[in-house]
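For reference, the structure discussed in these notes is given below.
The values are calculated or read from the model by the stated rules, or taken from the named source; none is laboratory data. A quick note: this is a predicted structure, and the numbers were derived from the prediction, not measured. Don't worry about glycine lacking a Cβ; one is built from the backbone with ideal geometry, like all the others, and counts go over all protein chains shown.
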Amino acid sequence: MALISKKKLAFAALKYTPAGTPIKVASMVLKTKLGRQAVKKVASNKPTSSLPLLSAALPQAVQSKPADLPFYGAGPVRSVCRAYGKTFRFSGRASRSEYWWYAAFVLGTGATCIAMDYSNNTKGGGATHMSVWRGEAEQKDEARQELTRDLAMADSRADKLAAYRKAFEKVRANAPKSKPSPLTLGVAAATALPYTALSVLRLHDSNLRGWWFLPAEVLCLAPFLYLRKPRAKGVRFDRTR
């Protein structure tokens, strides 16, 4: 009875309660006492009589928003807070707004840390950006001239390969060293697990299993998989109580 009741309740919610999407109402209203009473009305083919119950249950469901249920239309601050609240939670679902706001937060903090690292690395020894770039250009010109001389003096193919290898090693040795700062490493560690958990929950909301996270990230399929619309069957991933 549970599955068919959810489908009927979703239809009734779509028709009689324009305040939310059917998935939103079907997943959240069922958690309330009034929602369970509405299910009985809908299951008995009386969706119209369930309207008062649905209307009364909807505010309760929207205000509660358990962590394992998706928060449709969540703002940036609420999305980031809920993402860290779901750090160790891999059952349940997450809405598109929750995922994309937190993804924007991760990209923004990551880009800021990388920019700070680049600025600190290029300013080593009091050098300015322009002087560093000028120094790199001079080193490349010097290596190019030395390579030209070595190639002119090379008598065999092996000597030419050795000249190219020597020039490459010189340029690589003189290249400015760039390594992540402790702040960057800390930010990466603080966002990796919440992002992974939230990605899995977003896949659940579109009725996909969590292992789709691997092809989504490795094969760059994230824009396609994480933009999928919520599916009613995604409720199977909700935590049972």
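For region 173-180, the count of residues that are aliphatic (A, V, I, L, M), modelled with pLDDT under 80 and under 30 Å from VAL106 (Cα atoms) is at least one. Filtered by the rule that a residue be surrounded by 15 or more Cβ atoms within 10 Å (Cβ to Cβ) and either part of a loop (DSSP other than H, G, I, E, B) or not small (Gly, Ala, Ser) (or both), region 74-83 gives ALA74, ARG78, VAL80, ARG82.
Residue pairs whose Cβ atoms lie under 8 Å apart, separated by 6 or more positions or on different chains, with the first residue in region 86-103 and of a type in the set (Asp, Glu) and the second in a loop (DSSP other than H, G, I, E, B) and crowded, with 16+ Cβ neighbours inside 10 Å, are GLU98/PRO70; GLU98/PHE71; GLU98/ALA74. LYS160 meets all of the listed conditions (1) in contact with a Gly (Cβ under 8 Å, 6 or more places away or on another chain); (2) modelled with pLDDT of 75 or more but one, namely (1).
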